[in-house]
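*Asks:* I am attaching a structure below and will ask some questions about it afterwards.
Read the figures in this text as sums done on the coordinates, not as results from a lab. Only a predicted model underlies this, so the values are computations on that prediction, with no experimental measurement involved. For neighbour counting, all protein chains shown are included, and Cβ atoms are generated from backbone atoms with ideal geometry for every residue, glycine included.
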Amino acid sequence: MTDPLPLGSTIGILGGGQLGRMLSVAASRLGFKTAIFEPGGDCPASHVANFHLKATYDDEKALQNFAASCDVITYEFENIPTSALDLLDAHSTIRPGRQALATSQDRLVEKDFLNGLGLATAPYVNVETLADLEQAVATIGTPSILKTRRFGYDGKGQVRLHPQSDLAQAWSDVGESPCVLEGFVEFSCEVSVIAARGSDGQVACFDPGENVHSAGILRTTTVPAAIPASVRMDAVLLAGQILNALDYVGVMGVELFVTPEGLIVNEIAPRVHNSGHWTQNGCDICQFEQHIRAVVGWPLGTGARHSDMRMENLIGDDMDRVPDLAAAGHALHLYGKTDVKPGRKMGHVNIRLSST
Ligand code: AMP
């Protein structure tokens, strides 16, 4: 697939959460149709898409039908089962491609890949047994973080280890599944680069945003990040290097720790990213449009920013703030989720700090 997709083509999106919803809106604005593949009913993306195929990732017939009805397929989460990808791949084009997914689905493969590019990561050791964990703690020390290699998100599948930690308990807490033990990085701040690469190899990055997490969940992103211009440039160059190495097509989130010794890559996400939501109101072309442009073969936007921004996630009871935020005139993006639960991302607000 090299020519741009004709207007009116159908973009398949695997996953029906808020990222799929915002991708769908962007696609629709550019004149494309969207089809959502999502096992759950009444999902955020289904409210704004042309079709919703409600089926599980082991339903071969449904996957084949989905692929047959889509001109290109993209995704809003990286933990898509390999067997489903094999089927979809055989019948349609998947963007970003399989190499990016295989790399980011497994923290060990991801870290090996990043180190292979000469990029710094936290020190890490592969852990497959309790004995491995004991050995890893002897090597890495504490504080450190035990992370499942696969299926972790928003701080889930992670246990922090201290000198007194019960390692057998920690091993049980991660479900005795393959892990990496990571050394704890004493960072001065966390930033991320939302980077895009087009089908012609053009790369465009948004300005790095500064992220604040609590309990492993992103709370706020502020742009510009309070880091020197040289570090900002390093972050953008490093993101471009990752995209090129993966021959990537689409938007990627690159999460970084800023330390006095330089930038350390925490993880990469082969999709639009929560820390890029500020672009919806801080740029002419946001991360969602940028991703759609990439996957349909359009030229990318430049990534230029017209405002300083702060994005705040609305998590659980933060929804109570919506009337006040609306009255204050801020840009609200709500995901249409009916059940408010603690820790659940219900929406976000983009607050313009000043025009640049
Ligand atoms: P992750 O799921 O790997 O993105 O981790 C979620 C958050 O936990 C990060 O954004 C950091 O705030 C923190 N974190 C993860 N890994 C480390 C590390 N090696 N050192 C210090 N903090 C970490």
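*Asks:* For the chain, restrict the atom set to alpha-carbon positions and state the Rg and Dmax in Å.
*Replies:* 20.0, 60
*Asks:* Then there is this: Mind grabbing the base-10 log of I(q)/I(0) for region 226-334 at q = 0.16, 0.21 Å⁻¹? Debye formula, identical points on the C-alpha positions, no solvent, two decimal places.
*Replies:* Scattering profile of region 226-334, log10 relative to I(0): -0.89, -1.26.
*Asks:* Mind putting together the pair-distance distribution for region 42-145? All Cα pairs, 5 Å bins, whole percent per bin, short to long.
*Replies:* 2, 10, 16, 16, 14, 11, 9, 10, 8, 4, 1
*Asks:* Another question, if that's okay. Taking the alpha-carbon centroid of each part, what is the distance from region 251-279 to region 1-33 in angstrom?
*Replies:* With region 251-279 and region 1-33 each reduced to a Cα centre, they are spaced 24 Å.
*Asks:* If you take the beta carbon distance between residue 165 and residue 117 as r and set R0 to 45 Å, what does 1/(1 + (r/R0)^6) give as a FRET efficiency, to the nearest 0.05? Kindly include the intermediate steps, with their values, before the conclusion.
*Replies:* Working: r = 32 Å, r/R0 = 0.72.
Rounded to the nearest 0.05, the efficiency is 0.90.
*Asks:* Then there's this: Any chance you could run the full-extension gain for residue 134 through residue 226? It's 0.36 nm times the residue separation minus the Cα-Cα distance, nm to one decimal. Write down the numbers at each step before the final one.
*Replies:* On the way: separation 92, 0.36 × 92 = 33.12 nm, distance 3.84 nm.
Full-extension gain reported as 29.3 nm.
*Asks:* Give the lysines reachable from residue 341 as a straight Cα distance under 27 Å; neighbours fewer than 8 places away on the same chain don't count.
*Replies:* Counting by Cα, and skipping residues close in sequence, residue 341 has these lysines nearby: 54, 147, 156.
*Asks:* Modelled label-to-label distance, residue 233 and residue 200, 7 Å Cα→beta-carbon offset: nm?
*Replies:* In this crude spin-label approximation the distance works out to 2.6 nm.
*Asks:* Separation of region 140-207 and region 314-356 by C-alpha centroid, Å?
*Replies:* About 27 Å separates the Cα centre of region 140-207 from the one of region 314-356.
*Asks:* When the expected Rg is taken as 2.2 N^0.38 Å, what fraction or multiple of it is the alpha-carbon Rg of region 10-94?
*Replies:* Numbers: Rg = 11.4 Å, N = 85, 2.2 N^0.38 = 11.9 Å.
In units of the 2.2 N^0.38 Å rule of thumb, it is 0.96.
*Asks:* I need to check one value: relative contact order of the chain, counting alpha carbon pairs closer than 8 Å and at least 6 residues apart, in percent.
*Replies:* Working: 791 pairs, mean separation 52.2, N = 356.
Computed value for the chain: 15 percent relative contact order.
*Asks:* Setting aside same-chain residues fewer than 8 positions from residue 33, which aspartates and glutamates have a Cα under 17 Å from its Cα?
*Replies:* Residue 33 reaches 71, 76, 289.
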